[in-house]
Amino acid sequence: MTTISAVHIPLEERSTRARMAPPSRFGDKAFEWLTLVMALVVVVLVILIGWQLWNGSSLAIRKFGFHFLTSSTWDPVGAQSGALPNIYGKRVSSLIALLIAVPLSIATAAYLTELAPLWIRQPLVSLIEMLAAIPSVILGLWGIFVMIPWLREYPFPLLKRFFGWTPFFTGPIYGPSMLAGGIIIAVMILPIITSVSREILRSVPNLQREAAYALGATRWEATRIAVLSYANKGLFGAVILGLGRAVGETMAVTMVIGNTPQIAASLFQPGYTLASVLANEFTEATSDMYLQALFEIGLVLLGITILVNLLAQLLLRTIRTTSATRAVQ
């Protein structure tokens, strides 16, 4: 008999053959397909939201056409409705929020990472994280009863006194205004940008700091050159996250911006945003055309959000390309 039974194969040889056998790839394939399905679910969800908004606003799109984006008249049940004042209010309030929040957030993150004593870092971080957890409606109430009276009493008159020669700080001071809306958004996005920026600065290798100190740099110079410059692309990503929150914010802005569909250069004038229109008037939509116009407002808001993110990704890619070119040179 030439057949050798498996019993007669030495134990060491059998274990070697088992190790050399190709591993089963079923688990890898299953994991790959599972993650692919999860990623596609997100894409399909965005497409379904866009399709539903488009389907719900089809009558308004056919009736108002492109003039919906260029007209300043908001009359959903009438002959013409326009979202231009709402788009203007969203863009201006978000810009004000970024101008206020970005320097404060990055400076706070740099202080907590590079300069703050160890005993004070964790309490400050906990307070910032608690600020991010406050509901939007609570901040809106605080804005109505605390922030707006204080702004109307002290900062707004000072701004009008020193900068009243510009068109941005002219006219009567009402309190609820475009500037108040931008400030409340800045309060809301500040903890987000600060937390993300802090984690990015913490990820900077200590070798960067040590090299700067070895070259004779001061503490501020090491922070500016070795840390902030190294993490600029990550900080830009943190700003984009804050911008996404600013564009989509609704309740707090609705409670302090004044809710008047107008385009005014003065930041003391009331304004309106796309999200505020939906929050205020969705329950008042008594006709099909009114409801369709609000759906089109939501479609415009979704389009602006996607466009902002695409432009941010394009700008981030440009920054990376420029940095790589400089590194090669």
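Residues of the stretch 280-299 that are in a loop (DSSP other than H, G, I, E, B) and touching a Leu at 6+ places or on another chain (Cβ under 6 Å): ALA285 alone. In this structure, does VAL227 turn out to be touching a residue at least 12 places away in the same chain (Cβ under 8 Å), open to solvent by less than 40 Å² (accessible area, probe 1.4 Å) and closer than 30 Å to PRO85 by Cα? When the stated conditions are applied, VAL227 does not pass them. Of the residues examined, VAL125 is one that is in a helix (DSSP H, G or I), farther than 30 Å from ALA264 by Cα and among the β-branched types (Val, Ile, Thr). Scan the stretch 144-153 and give yes if some residue there is closer than 24 Å to PRO270 by Cβ, without any contact (Cβ under 8 Å) to a residue 60 or more places away in the chain and among the charged types (D, E, K, R), otherwise no. Within the stretch 144-153, one or more residues are closer than 24 Å to PRO270 by Cβ, without any contact (Cβ under 8 Å) to a residue 60 or more places away in the chain and among the charged types (D, E, K, R). Each residue in the stretch 23-54 was checked for being of a type in the set (S, T, N, Q) and under 17 Å from ILE306 (Cα atoms), and 1 of them qualify.
Taken together, the residues in the stretch 230-279 that are open to solvent by 10 Å² or more (accessible area, probe 1.4 Å) and either in a strand (DSSP E or B) or basic (Lys, Arg) (or both) amount to 3. For the stretch 1-112, the helices (runs of 4 or more DSSP H) that sit wholly inside it and include 1 or more residues that are out of contact with any Lys or Arg (no Cβ under 7 Å at 6 or more places or on another chain) and modelled with pLDDT of 85 or more are 26-56, 58-64, 67-70, 84-110. Inside the stretch 291-313, residues that are open to solvent by 30 Å² or more (accessible area, probe 1.4 Å) and of a type outside the set (S, T, N, Q) make up a count of 11.
The values are calculated or read from the model by the stated rules, or taken from the named source; none is laboratory data. Please read these numbers as outputs of a predicted model, since none were measured by experiment. Positions of Cβ are backbone-derived with ideal geometry, glycine not excepted, and every protein chain shown enters the neighbour counts. Just so you know, the surface numbers come from the protein's heavy atoms only, side chains and all, with ligands and any DNA or RNA stripped out. Shrake-Rupley method; radii C 1.70, N 1.55, O 1.52, S 1.80 Å.
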